[in-house]
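> There's a structure below that I have some questions on.
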Amino acid sequence: MKLTDISSDINEWFDGSGPLADIVISSRIRLARNLAGHKFLSRCSTAEKSDILKKLRDVLMSLDLGDKIFYISVDKAPVLNKHFLVERHLISRHHAFGKGPRGVVIAQREFFTAMINEEDHLRIQLLKGGLQLSQCARQINHIDDMIEQKVDYAFSPRYGYLTACPTNLGTAIRVSVMLHLPALKMTGQIEKFLNATRDMGLAVRGLFGEGTEAAGDFYQISNQVTLGISESDIISQFENVIIPEIVEYENAARNQLLSKESDVLDDKISRAMALLRNAHLISSQEALFLLSHLRLGLNMHEHMGASTPAIDTLCRLIRQGGDADKRQGLSIATINRLFMLTLPAHLQLNYGKALDPTHRDALRAQIIRSALNQEA
């Protein structure tokens, strides 16, 4: 299987479906594991890393996940492919540009990936659209059990799973939820929100994880403590308390925009639509920023019944546009597709060759214009 087999469309967890999907983009659970009898990667020789890679690759490729799976040698992959895997949320940036033998096993529908020789010997992750942490937990625990039947994990009765970073000791679970929070940003409440989440001991990252900014008003919220608290407690707190409260804050900000700052909302949506439908050069950051405003307007119409001049115009244009064959109009899934497919590595991989920034900006603008200007 080639990356071009998946690069021309979005994966199933980013299609705008799932509970609370207007605000909660996706749920992810990641488990960090190391093999007993081997050093942590920072102390491993290249030969030992190769042994770990082969052992885990063979085990993972033998699993029955109910989906086709494929393997990529990350250390041997072209640079463009590495950037694509990061954009696709299939591997971390650290894994993409680390050193030594390393690889990734990916389910064709992209709900499951396993990074081998990232920071730990093995990091497996399970993704679903919307708020579905409990479902993610059940599925990834089943996969983890299947792996553990074939290998011995490094485990301490006192400290739990042994990991390269002490903050992952214990359950070694990282619960992460990606949220779209444009109204909190527009109403000037985002810094207050970010400070509150950090005070709660949560990590807040941008669209592509650690060290990245919140492009397109996307934020990833995850736990930082894994020792001394059970997996079920972490998941329950996220699913029943933390994320519902954040959703409530974002919805309150959307209501504030609608009732008290409708001119601000209309201006953002109108400017976004005008630029996206007419621009001939547009950067990746600008595209994410403007598409975020369209996504907000459409979701406010669908989930809140919002009606303002700009939202009504947006919905009218959306009803006129869309798939030229099916005449169904644009949708949140279509906007999400534009988010993903206009990222730099996606553009170049689908185009078939590397492009300089100006040509990328021109191609991105052309794709967006085409999607938003189709006539019924």
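Throughout, read-outs are computed from the coordinates displayed, never taken from laboratory work. Treat the numbers as computed from the prediction; the structure is a model and nothing was measured. Neighbour counts are summed over all protein chains in view; Cβ atoms, including those assigned to glycine, are modelled from backbone coordinates with ideal geometry.
> Could you name the aspartates and glutamates whose alpha carbon sits less than 14 Å from that of Lys150, not counting residues in the same chain fewer than 8 places away?
Asp58, Asp64
> Now, a different point. For a Förster distance of 25 Å, can you work out the FRET efficiency between the beta-carbons of Asn350 and Glu302, rounded to the nearest 0.05?
The pair Asn350/Glu302 has a calculated efficiency of 0.30.
> While we're on this one: Could you list, in their original order, any pairs among Lys2/Lys49; Lys68/Lys268; Lys99/Lys192; Lys2/Lys39 whose Cα atoms are separated by more than 31 Å?
Violating the 31 Å Cα-Cα cut-off are Lys68/Lys268; Lys99/Lys192; Lys2/Lys39.
> How big is the Rg/Rh ratio for the stretch 1-99, C-alpha atoms only, Rh by Kirkwood, two decimals?
1.00
> Grab the other residues whose beta carbon is less than 14 angstrom from that of Lys99, score K and R as +1, D and E as -1, and report the net. Let's see the in-between values first.
Numbers: positive: Arg43, Lys49, Lys76, Lys82, Arg93, Arg102; negative: Glu48, Asp75, Glu118, Glu119.
Around Lys99, the charge tally is +2.
> May I pose another question? To the nearest 500 deg cm²/dmol, what mean residue ellipticity at 222 nm is calculated for the chain from DSSP H runs of n ≥ 4 alone, each contributing -39,500 (n - 2.57), summed and divided by the residues?
Calculated from helices alone, the mean residue ellipticity at 222 nm is -14000 deg cm²/dmol.
> Another question, then. List, in order, the whole-Hz ³J(HN,Hα) value for each residue of the stretch 287-303 obtained from phi through the Karplus relation with A = 6.51, B = -1.76, C = 1.60 and θ = phi - 60°; use x for Gly and Pro.
4, 4, 4, 6, 5, 4, 5, 5, 4, 4, x, 5, 5, 5, 5, 6, 9
> May I pose another question? Which chymotrypsin sites (Phe, Trp or Tyr not before Pro) from the stretch 158-230 combine a DSSP loop assignment with at most 15 other Cβ atoms within 10 Å? Present the calculation step by step, with values, prior to reporting the outcome.
Values: sites: Tyr159, Tyr161, Phe193, Phe208, Phe218, Tyr219; in loops: Tyr159, Phe208.
Sparse-neighbourhood loop chymotrypsin sites (Phe, Trp or Tyr not before Pro): Tyr159.
> How charged is the neighbourhood of Met178? Take every other residue with its Cβ under 12 Å from the Cβ of Met178, and add Lys/Arg as +1 and Asp/Glu as -1.
Here the count lands on +2.
> Please give the charge dipole size of the chain, origin at the Cα centre, charges +1 on K and R Cβ atoms and -1 on D and E Cβ atoms. Round to the nearest 20 debye.
The dipole magnitude comes to about 920 debye.
> Something else now. Can you tell which of Leu131, Leu41, Leu298 shows the greatest fluctuation in a Gaussian network model of the chain with Cα springs below 10 Å?
Leu41
> So, one more: Where in the stretch 1-104 are there chymotrypsin sites (Phe, Trp or Tyr not before Pro) that are in a DSSP coil and have at most 15 other Cβ atoms within 10 angstrom of their Cβ?
Here the sparse-neighbourhood loop sites are Phe40, Phe97.
> Could I ask something else about it? Longest segment of the chain with no GluC sites (Glu not before Pro) in a DSSP loop having at most 13 other Cβ atoms within 10 Å?
Numbers: sites that count: Glu210, Glu213, Glu375.
My reading of the result: 1-209 is the longest stretch.
> Same structure, new question: Got a sec to turn the phi values of the stretch 309-315 into Karplus ³J(HN,Hα) couplings, 6.51 cos²θ - 1.76 cosθ + 1.60 with θ = phi - 60°, whole Hz, x for Gly and Pro?
With coefficients 6.51, -1.76 and 1.60, one gets x, 6, 5, 5, 5, 4, 5 Hz.
> Under the rule of at least 5 residues apart or a separate chain, name every residue whose amide H is placed under 5 Å from the amide H of Gly103.
Distant-sequence amide H within range of Gly103: Val74, Ile116.
> Turning to a different aspect of this structure: Check which residues have an amide H placed less than 5 Å from Gly206's amide H, if you skip close sequence neighbours.
Answer set, sorted by chain and number: Gly211, Thr212, Gln220.
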